[in-house]
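Student: One structure, as structure tokens, below. Some questions next.
The values are calculated or read from the model by the stated rules, or taken from the named source; none is laboratory data. This structure is a prediction, so every number in the text was calculated from the model and none was measured. Methodologically, a virtual Cβ is constructed for each residue, glycine included, from the backbone with ideal geometry; neighbour enumeration extends over all protein chains shown.
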Amino acid sequence: MLELDHKAATAACHRLIDNVSKVFLGKPEALRRTALALFANGHILLEDVPGVGKTLLAKAIAKSIDGKLKRAQFTADLLPSDITGVTVYQQSGGSFEFREGPVFANVFLADEINRATPRTQSSLLEAMEEGQVTVDGVERQLPKPFFVIATQNPIELEGTYPLPFSQMDRFIVRLRIGYLDNAGERRMLHEQKESFPLDQLGPVLGVDELLAIQRAVRQIAVAEELYGYLVDIVATTRTSQAFDYGASPRGSLDLLRYAQAMALLDGRGHVLPDDIKKAAPITLGHRVIVRKGTRLATASNDDLLDELVETVAVPV
């Protein structure tokens, strides 16, 4: 089993980010958050209008890892068995054979996930939480590492289905990429004038290295006072008048792991209060439901969480 010290793990993290930045231009914070989700052993949901680079970012991350990449284009007629796999009868041998679905991969790209029906969307619930799928009563383990990158168009667009709240809770981050600025868009046009840079992108991390990074993240030290600070932030989302539903205990775990990943990426062996403070809106924004019928109903979840975090006392 490969082990990396903090210094080597940090260097490997930056190697992946630098590699992806060769093709994913002008959005360093979006790339950083995606990479942190991967290092924290979570899953990420990229939500934005078509054409802003959601699939490009997902494929660039996947190509930077020397693992198995599989993709499924989610459509209204897609069935759960098209994702998890199916057991078929082999007439020649008189036996049943399991044929793996695309979810059996190190990186699974679920493209336009909200164009599939809720029944098909929910086929990923067990995979994302437990790293396994159950088909015909048989539990089958998925490869490790297992990373889901899902893309979706805004739910206001025609032909889309909102993700179940239980599935939203299984993503460590929901990310909106946004449009490029003028300089970034001009650079994109120049670089793709004659070729597509993604075609030349190669892997910079092996599967064993990525697993070692994820183990290194868990070894980042957390002071006892910071556990209390984190719990206080999450508890405040449950009691705030701004929200109908607050963050779940799974949200607490993801917030902790994301803050540890931030510390590792910055080359530190310990979490700071600022790591938790910055990570809270990123990891909890999609896990809360704003109360309707109040003056806060038009505010964004992230803005409300920013304000809420400021009300929680920071440990000294």
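Residue-by-condition table, conditions (1) under 20 Å from Ala9 (Cβ atoms); (2) touching a Lys or Arg at 6+ places or on another chain (Cβ under 6 Å):
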{"residue": "Asp244", "(1), (2)": "no, yes"}
{"residue": "Gln260", "(1), (2)": "yes, no"}
{"residue": "Gly269", "(1), (2)": "yes, no"}
{"residue": "Thr311", "(1), (2)": "no, no"}
{"residue": "Pro315", "(1), (2)": "no, no"}
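Student: When you go through (1) surrounded by 15 or more Cβ atoms within 10 Å (Cβ to Cβ); (2) acidic (Asp, Glu); (3) not assigned by TED's automatic domain parsing to the domain that holds Val88 one by one for Asp111, which number turns out not to apply?
Tutor: (3)
Student: Which one is surrounded by the fewest Cβ atoms within 10 Å (Cβ to Cβ) among residues in segment 179-198 that are within 18 Å of Glu29 (Cα to Cα) and of a type in the set (Asp, Glu)?
Tutor: Among those that are within 18 Å of Glu29 (Cα to Cα) and of a type in the set (Asp, Glu), it is Asp181.
Student: Here is a further query. Which condition number does Leu163 fail, the rest of (1) over 26 Å from Ala280 (Cβ atoms); (2) crowded, with 16+ Cβ neighbours inside 10 Å being met?
Tutor: If we test Leu163 against (1) over 26 Å from Ala280 (Cβ atoms); (2) crowded, with 16+ Cβ neighbours inside 10 Å, just (1) comes out false.
Student: Scan the helices (runs of 4 or more DSSP H) fully inside segment 39-123 and keep the ones with 3 or more residues being closer than 23 Å to Arg250 by Cα. Give the steps one after another, and end with the answer.
Tutor: Details: elements: 54-63, 81-84, 118-121.
The qualifying helices (runs of 4 or more DSSP H) are 118-121.
Student: Kindly list, by first and then second residue, each pair from a residue in segment 254-283 that is acidic (Asp, Glu) to a residue that is not in a helix (DSSP H, G or I), limited to pairs with Cβ atoms under 8 Å and residues at least 6 apart or on different chains.
Tutor: Here the result reads Asp254/Ala40; Asp254/Gly42; Asp254/Ile172, each pair linking segment 254-283 to a residue that is not in a helix (DSSP H, G or I).
Student: Separate question: Report yes if some residue within segment 73-81 is among the polar types (S, T, N, Q), touching a Lys or Arg at 6+ places or on another chain (Cβ under 7 Å), closer than 28 Å to Val135 by Cα and surrounded by fewer than 18 Cβ atoms within 10 Å (Cβ to Cβ); otherwise report no. Please lay out each step first, then the result.
Tutor: Here is the first cut: in segment 73-81, the ones among the polar types (S, T, N, Q) are 73, 75, 81.
The next check asks that each one be touching a Lys or Arg at 6+ places or on another chain (Cβ under 7 Å); those that pass are 75.
After this cut, where a residue has to be closer than 28 Å to Val135 by Cα as well, the list is 75.
With surrounded by fewer than 18 Cβ atoms within 10 Å (Cβ to Cβ) added as a condition, the list becomes 75.
Checked segment 73-81: at least one residue is among the polar types (S, T, N, Q), touching a Lys or Arg at 6+ places or on another chain (Cβ under 7 Å), closer than 28 Å to Val135 by Cα and surrounded by fewer than 18 Cβ atoms within 10 Å (Cβ to Cβ).
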